[in-house]
Amino acid sequence: MMSWKGILAAITIAFFGLIAVMIWNTARMPSTRIDAELPDEEIEKRVSSIDGTEVATHLAEAVRFRTISSDTQLPNKAESFPAFHDWLESTYPDAHAVMERERVNELSLLYRWPGRSDCKPIGFISHLDVVPVEEESIEDWTHPPFAGAVADGYVWGRGSVDTKSNLVMTMEAVERLADDGFTPSCDVYLLFGHDEETGGSEGAGAMSRILTEQGIHFDWVLDESGGGSIHTDGSSKWAQITLSQRGYVTFELTATGVGGHSAVPLRPNAILGLSRALMRLSNSSMPGGLEGLALEMVKARVQRRSYLERLLVANTWITKPVVEWIIESMPGGAAILRTTHSPTVIEGGKKDNVLPKTARALVNFRVHPRDDIEFVRRWVRETIDDDSIKVSVYQERAFEAPPATDSSAPQVTRFKEVIGAVYGPIDPLIPGFGLAASDARHYAPIADALLKFEPVVIREGDALNPHDTNERLPIDSLARGVVFYQRLIERQE
């Protein structure tokens, strides 16, 4: 029988052995740094040859087109979108001379730049529409939201970030390459939808269907990331390339009960039944955990954090519950771990002294890539545990999460090389787990890789405010952003 001293010695050895393993794992945690040299002379010459003020002027002009769409406001078919189409054609004549252009559902634009060979094409996704500006917020804007002001180092206005900046920089890149007599190796597509802000079914969805019928399959497509992708503190840069996005579904919950006068209260009734169902959902979380791309993202993010944080994340084989608890306690952290849900609409009675026969609520789910909508529906049904509550998909806007792009895919490797060539060292480059959906999802069936990245540099403490008051884009990001798109087009293979 082992003595107490022997037991204590064994525990001590095990403890220090565990610490040694954790330290070793932390030291071996792979880096996602882009070990690039500073941009070479040819890149810097290109950047300096582009007048950033001229590009800013073009972006400001694009902002002035009120191409608004929302669930309650249809696109302005008669004026803004066709006028924006005409502006693109007149502003970028060389680009339009080398590309074929097709209007899809009148308002979206599908461009094809024929390449020299039959290799897989690439696609640049953007959208022409913008979200509305709330009337009560207009006085809070430094410059009117559709004035397209160029001031204080920024282009101000709705759409300057989301996402007419990407659209303008892409067109600037094609214009300059076309003017130089360049022809791409493979076909290049520009895919500009008109209804991304309302789901994209008539824009990107329709263009994807057309391309599918034509047998087109992309090597990769590039879409917005929801704001600038490159961050700097003045001495170093880090960036994120988003490789996944979540699905979307809203369930309608309908409760029924006996109506009547409130002076004779009845139990159960529709409002109480619905309230009980909503509380059960609110008090429950869908199964989840830190794995796959989400774990890769967290490992990359902590490379700039404290040693303790790196130690915890490098050893999730033993620290996983702690790491997940920390992530869950952060704003938006739960979305990294699991499908999330929020009640968004509730309707019941019409009169204060009448018990309604029905009550309904809408609960919106953002579906984690590990789940599917049917799994979510079953979870809702089981969690509510009340057969009197009807559960149905609300409208037809539901969509599954597209497959995540592997961070080691060759398309990602080539993309990193272009980032390094144009921006120099990046430490780290984070493989991102996207929390929001975009038009890229419509092209998932016809693309080998979905990439989301915006060549916009955000300084420490700065805010671009997409969808918010004082949306604005830094002018000094534009010239290098144009060169970034040029290099992507040139380096297809």
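Which residues, taken from the range 215-240, are aliphatic (A, V, I, L, M) and modelled with pLDDT of 95 or more? Matches in the range 215-240: I216, V221, L222. Here the range 335-355 is the region considered, the condition is being in contact with a strand residue (DSSP E or B) (Cβ under 9 Å, 6 or more places away or on another chain) and surrounded by 18 or more Cβ atoms within 10 Å (Cβ to Cβ), and the residue that is modelled with the lowest pLDDT is L355.
Among the residues of the range 198-220, how many are touching a strand residue (DSSP E or B) at 6+ places or on another chain (Cβ under 7 Å) and either among the polar types (S, T, N, Q) or under 19 Å from H467 (Cβ atoms) (or both)? Here the count works out to 3.
Meeting the requirement of 3 or more residues that are farther than 25 Å from Y189 by Cα and open to solvent by less than 80 Å² (accessible area, probe 1.4 Å), the helices (runs of 4 or more DSSP H) wholly within the range 1-118 are 4-27.
Would you check if there is a residue in the range 430-438 being more than 22 Å from F365 (Cβ to Cβ) and modelled with pLDDT under 95? The answer is yes; a qualifying residue exists.
Residue count for the range 170-187 under the criterion of being of a type in the set (V, I, T) and either touching a strand residue (DSSP E or B) at 6+ places or on another chain (Cβ under 6 Å) or without any contact (Cβ under 8 Å) to a residue 60 or more places away in the chain (or both): the result is 1.
For the range 454-493, residues that are assigned to a loop (DSSP other than H, G, I, E, B) and surrounded by fewer than 20 Cβ atoms within 10 Å (Cβ to Cβ) total 12. Scan the range 443-477 for residues that are closer than 28 Å to G123 by Cβ and among the charged types (D, E, K, R) and the total you get is 6. Just one of the listed residues (A404, A444, A436, A440) is open to solvent by 20 Å² or more (accessible area, probe 1.4 Å), small (G, A, S), on the phi < 0 side of the Ramachandran plot and assigned to a helix (DSSP H, G or I), namely A444.
Within the range 131-140, the set of residues being within 25 Å of the chain's Cα centre (by Cα) and either modelled with pLDDT of 95 or more or loosely packed, with under 12 Cβ neighbours inside 10 Å (or both) comprises just one member, E134. Within the set A206, A173, A178, the sole residue that is within 17 Å of I446 (Cβ to Cβ), assigned to a helix (DSSP H, G or I) and hydrophobic (A, V, I, L, M, F, W, C) turns out to be A206. Candidates R377, R397: the one that is more than 25 Å from V302 (Cα to Cα), open to solvent by 20 Å² or more (accessible area, probe 1.4 Å) and not in a loop (DSSP other than H, G, I, E, B) is R377. Residue-level check: of (1) in contact (Cβ under 8 Å) with a residue 40 or more places away in the chain; (2) within 30 Å of Y423 (Cα to Cα); (3) open to solvent by 40 Å² or more (accessible area, probe 1.4 Å); (4) assigned to a loop (DSSP other than H, G, I, E, B), S235 misses just (1).
The values are calculated or read from the model by the stated rules, or taken from the named source; none is laboratory data. Model, not experiment: these values are computed from the prediction. Don't worry about glycine lacking a Cβ; one is built from the backbone with ideal geometry, like all the others, and counts go over all protein chains shown. Note: areas computed on protein heavy atoms with side chains; ligands, DNA, RNA excluded. Shrake-Rupley method; radii C 1.70, N 1.55, O 1.52, S 1.80 Å.
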